[in-house]
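See structure below.
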Amino acid sequence: MQEQILPLADEAVIIGYFVAIVAFGVFFSRYARSTSDYFFGGRRFSWWLIAFSCIATVVGSYSFIKYSEAGFTYGLASSQTYTNDWQWMPVWMLAWLPIIYYSRVKSIPEYFERRFGPVARHLATAIILIYLVSYIGINLYTLGKAVTALLGWPVMTSVVVTAIVAGIYVTAGGQTSVVMTDLFQALLLLTAGFLILILGVCAFGGLGDFWSALPERYRFGLAEFNRPSSGVNFVNVYWQDAFGSSMAFWFMNQGLIMRFLCVRSAKEGRKAVILVLLVLMPLAAIAVGNAGLLARAMHEAGGEMGAAVDTYMTGPDGKIDNSYAFTAAARTLIHLPGVFGFVMAALTAALMSTVDTLINAVAAISVYDVYQKFLPDKSDAHYLWVARIISVIAVLIGIILVPVFSSFKTIYDAHAGFTAAITPPMIVAIVMGAMWKKFSKQACVAVLGLGSVAMIISIFFPEVIAPFSHGVEQAGEGLKGFKYMRACYGVVVCTGIGIIMTLLFPYRGAPQSGLVIGSEKEFKRLFKGAEPNDRPTKPVYLTVKLNDALTAANEIAVPESAKARLNADPQDMLHISDRRWWLGGLRSCPARLSAVTAEGDNVWVSQGILEAGHLEENQKVVIERIM
């Protein structure tokens with residue numbers, strides 16, 4: 001790898017990005033006045049803003065580096081991972097989302113305690129924290145590899161610099177800073193990914209010429225069923241990603257769950273998921289994976305481009321290092337001053353947008369499921385201060401874990417190894433708990449406890465995975481042995497434990513309402529505390545006026561005509577927000593209809609509404625009925 005010296009324009013763009021994103025994130029810290037704001041953004045955001053934020057979280061810097069590396073090594077088949085979310089979305093949207101949203105749980109471990117008791121909560125807390133902190137470590141390691149390829153910095157130097165930047169704005173602003181910075185970063189990383197694709201196709205003279213430059217085996221959408229044994233094949237990707245990674249990401253990743261606890265209603269959450277799956281996820285798959293295919297095509301074509309790619313991909317040992325595929329393609333194709341700096345800023349954005357979510361999630365679980373258990377009577381301001389301290393600690397632990405992931409052959413392998421080893425007990429317990437009413441406390445504790453022991457045994461004795469391996473060879477020892485197929489072993493073993501223990505110790509009676517799949521109307525009734533109003537409704541547009549007679553923090557009063565248009569009853573749940581839709585709900589908050597006033601164009605609100613919604617008197621607002 002030749003020494004990398006960036007032009008001044010590129011350095012200026014990258015430095016400018018770091019400064020801008022910190023300033024942007026810290027600016028939104030003004031919206032974090034309570035733990036509800038810090039962790040859940042006040043439950044105010046619109047569906048489209050959460051959708052873009054989800055994409056920024058799903059697409060981490062490891063995505064650009066990992067999928068480019070896999071695309072260079074294995075071809076188009078490496079993109080199979082982005083098709084594995086679809087099968088779980090009906091369960092997620094129709095069962096899991098209503099449960100976590102309407103039950104008002106603050107964390108996944110809290111759900112486990114309410115459904116299965118305190119022992120299950122303790123086990124869930126330990127597993128999720130290990131998962132989240134490990135995820136922080138692998139993201140930091142990935143960006144370190146990228147910066148090393150660019151600037152020649154030591155990996156740990158780039159890791160520490162990036163971690164400090166992400167830590168500053170997350171620690172200051174919490175979930176609101178995360179959501180708002182992720183909107184900016186999602187647009188940035190998608191733009192950069194497609195910029196490389198367009199430049200690459202143009203460099204080849206057209207899409208057909210680029211495609212024909214790829215060897216035939218690199219053009220298949222699915223890999224061979226169970227070969228090669230040490231790389232991407234169909235069963236490896238399916239079990240590790242669909243079960244070990246995708247299910248974990250959607251069902252147990254506290255960071256993603258908190259995104260959907262930020263929306264103003266469960267309906268908005270479903271709309272966000274549909275946008276993610278139908279539009280943003282396919283775009284993200286193209287954006288993050290094309291550089292690896294372009295690098296392979298240039299390498300195969302030879303000539304000036306091939307020589308340049310090979311130069312940029314040559315590691316310190318003089319051999320081609322596939323993990324440099326993304327940066328090699330970018331440096332070969334981009335020649336205008338400042339543009340390469342823009343692409344690398346996007347890569348950094350991808351890291352930030354995943355790490356910031358994970359940091360905030362670690363803080364949430366640590367406060368709600370650990371700290372508050374020991375010190376339950378402290379003020380909200382105290383817990384907010386503790387959350388910020390824990391955010392810093394999470395960053396430090398992530399940095400410490402970087403050397404662990406650097407021991408794997410590829411980033412793709414490192415990511416597969418840790419997800420497949422950690423997640424199966426949790427995802428089995430969540431799905432069985434949400435979908436099976438007879439799944440009992442004893443069964444859940446056994447799945448989490450004995451299942452985790454089974455996963456540890458598979459690390460020390462990988463040969464136990466062989467009966468579940470679909471013919472894939474072991475290809476390593478310890479965590480590296482059957483690193484992909486460990487997910488299959490874990491899911492089957494944990495499911496078996498859950499079924500056997502439930503048959504032996506079935507749930508007596510019925511689970512607490514709202515904690516297992518059932519009628520959404522019943523969920524809404526529990527959430528509202530009264531019969532939900534599902535009648536047709538239309539929004540109304542009024543001007544804010546303060547009324548000191550409204551004493552409850554979330555009370556508002558509207559004219560009779562507005563009440564009729566909303567088709568609302570007293571104590572119905574409403575949402576009041578700034579009329580500027582493009583704010584995505586930043587200046588808004590939930591409310592309750594308290595009374596009906598004389599005709600006019602005003603909505604009368606309590607002081608609490610002004611503060612919670614960041615609204616001002618005489619401001620124009622829109623009011624919608626939620627239920």
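A124 satisfies every condition listed in (1) surrounded by fewer than 22 Cβ atoms within 10 Å (Cβ to Cβ); (2) more than 15 Å from the chain's Cα centre (by Cα) except (1). Given A416, A420, A394, which one is buried (at least 22 other Cβ atoms within 10 Å of the Cβ), assigned to a helix (DSSP H, G or I), out of contact with any Lys or Arg (no Cβ under 7 Å at 6 or more places or on another chain) and of a type in the set (G, A, S)? One residue alone meets the criteria, A394. Among the residues of the stretch 25-41, is there at least one that is under 21 Å from M247 (Cβ atoms), of a type in the set (D, E, K, R) and either crowded, with 23+ Cβ neighbours inside 10 Å or at pLDDT below 80 (or both)? No.
Out of E531, E560, report the one residue that is farther than 21 Å from W47 by Cα, open to solvent by 70 Å² or more (accessible area, probe 1.4 Å) and free of Cβ contacts under 8 Å to residues at least 24 places away in the same chain. E531 is the lone residue from the list that is farther than 21 Å from W47 by Cα, open to solvent by 70 Å² or more (accessible area, probe 1.4 Å) and free of Cβ contacts under 8 Å to residues at least 24 places away in the same chain.
Step by step: first the residues of the stretch 535-549, then only those that are modelled with pLDDT of 90 or more and open to solvent by 70 Å² or more (accessible area, probe 1.4 Å), then the one that is nearest to E113 (Cα to Cα). Which residue is that? Taking the candidates together, the pick is R535. Scanning the stretch 60-115 for residues that are surrounded by fewer than 21 Cβ atoms within 10 Å (Cβ to Cβ), free of Cβ contacts under 8 Å to residues at least 24 places away in the same chain and among the β-branched types (V, I, T) turns up just one, T83. One residue stands out in the stretch 462-478 among those that are of a type in the set (A, V, I, L, M, F, W, C) and touching a residue at least 40 places away in the same chain (Cβ under 8 Å): the one that is farthest from Y489 (Cα to Cα), namely A475.
Residues in the stretch 309-334 that are assigned to a helix (DSSP H, G or I) and open to solvent by 30 Å² or more (accessible area, probe 1.4 Å): D310, T311, Y312, N322, R331. Every test in (1) in contact with a Gly (Cβ under 9 Å, 6 or more places away or on another chain); (2) within 20 Å of Y82 (Cα to Cα); (3) surrounded by fewer than 24 Cβ atoms within 10 Å (Cβ to Cβ) is passed by P282 save one, and that test is (1). Could you tell me whether L207 is under 25 Å from the mean Cα position of the chain (by Cα) and either open to solvent by 10 Å² or more (accessible area, probe 1.4 Å) or modelled with pLDDT of 90 or more (or both)? For L207, the condition - under 25 Å from the mean Cα position of the chain (by Cα) and either open to solvent by 10 Å² or more (accessible area, probe 1.4 Å) or modelled with pLDDT of 90 or more (or both) - is not met.
Contact map, the stretch 264-286: residues that are modelled with pLDDT under 85 paired with residues that are open to solvent by less than 70 Å² (accessible area, probe 1.4 Å) and not in a helix (DSSP H, G or I), Cβ distance under 6 Å, separation 6+ or inter-chain. Pairs shown: A284/V59.
Going through (1) surrounded by 14 or more Cβ atoms within 10 Å (Cβ to Cβ); (2) more than 26 Å from A443 (Cβ to Cβ) one by one, V492 falls short only on (2). In a residue-by-residue description of the stretch 534-551, the property of being under 30 Å from G433 (Cβ atoms), in contact (Cβ under 8 Å) with a residue 12 or more places away in the chain and part of a loop (DSSP other than H, G, I, E, B) applies to at least one position.
Is it true that some residue in the stretch 435-454 is open to solvent by 20 Å² or more (accessible area, probe 1.4 Å), without any contact (Cβ under 8 Å) to a residue 12 or more places away in the chain and assigned to a helix (DSSP H, G or I)? Yes, there is a match, as at least one residue in the stretch 435-454 is open to solvent by 20 Å² or more (accessible area, probe 1.4 Å), without any contact (Cβ under 8 Å) to a residue 12 or more places away in the chain and assigned to a helix (DSSP H, G or I).
The values are calculated or read from the model by the stated rules, or taken from the named source; none is laboratory data. None of these values were measured; they are calculated from a predicted model. Backbone-built Cβ (ideal geometry, glycine too); neighbour counts: all protein chains shown. What goes into the accessible areas is simple: the full protein's heavy atoms, side chains included, and nothing from ligands, DNA or RNA. Shrake-Rupley method; radii C 1.70, N 1.55, O 1.52, S 1.80 Å.
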